[in-house]
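The values are calculated or read from the model by the stated rules, or taken from the named source; none is laboratory data. Bear in mind that the values here come from a model prediction, so they are computed numbers and not experimental data. Cβ atoms come from the backbone with ideal geometry, glycine included; neighbour counts cover every protein chain shown. We work out accessible area using only protein heavy atoms, side chains counted, and drop any ligands, DNA or RNA first. Shrake-Rupley method; radii C 1.70, N 1.55, O 1.52, S 1.80 Å.
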Amino acid sequence: RNPQLSLDLSRLSVLVVEDSSFMRSLLASCLNALGVTQIKVADHGGDAIEFLKLQKLDPMKAGVLAIDLVISNWQMSPVDGMILLRWVRRHADSPNRFVPFIMISGYSAPANVA
């Protein structure tokens, strides 16, 4: 391992939004293996929105001052990843409209990927 190429991700704060407990755990474990220590999870977009509202109003209660990255599943119920992304980008209650957002999906059909 080249020390010049290594990244210190220990101060990165990531919100993982995934309705499958297995995938949520897998994503959190992968992030942890990369050195990310502040990982918050939400079961679906609605829970993520409530968490982000809390983080804006009372960061100490939310347990994190800022979210540096959101990783969200696209297809979830009752609030999917697209609704969450629109809320993050457009709503006045969003703590950071410019937070990096990675949308993931288990669907592999070309139409869904496009």
*Enter the accessible area per residue of the stretch 46-92 (Å², integer; probe 1.4 Å; all protein chains in place).*
55 Å²
*Sites excluded, chymotrypsin sites (Phe, Trp or Tyr not before Pro) in DSSP loops with at most 12 other C-beta within 10 Å, longest stretch of the chain*: 1-97
_Along the Cα→Cβ direction, 7 angstrom out, place labels at residue 6 and residue 57. What is the inter-label distance in nm?_
4.2 nm
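Between residue 65 and residue 91, what is 0.36 nm times their sequence separation minus the Cα-Cα distance? Round to one decimal in nm.
Values: separation 26, 0.36 × 26 = 9.36 nm, distance 1.90 nm.
Roughly 7.5 nm would be gained on extension.
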*Mind listing which trypsin sites (Lys or Arg not before Pro) in the stretch 5-114 are in a DSSP loop and have 13 or fewer other Cβ atoms within 10 Å?*
11, 97
*What part of the accessible area of the chain, given as a whole %, is carbon or sulfur when the probe is 1.4 angstrom?*
57 percent
*Residue-count net charge about residue 64 - beta-carbon cut-off 12 Å; Lys, Arg +1, Asp, Glu -1*: +2
*asked:* Compute the distance from the alpha-carbon center of the stretch 1-53 to that of the stretch 60-80, in whole Å.
replied: 9 Å
*asked:* Helix-only estimate, please: 222 nm mean residue ellipticity of the chain, summing -39500 (n - 2.57) across DSSP H runs of length 4 or more and dividing by its residues, to the nearest 500.
replied: -11000 deg cm²/dmol
*Got the relative contact order for the chain handy, in percent, Cα pairs under 8 Å and 6 or more residues apart?*
25 percent
*Summing +1 for each Lys or Arg and -1 for each Asp or Glu, what net charge is found among the other residues whose Cβ lies under 11 Å from the Cβ of residue 75?*
-3
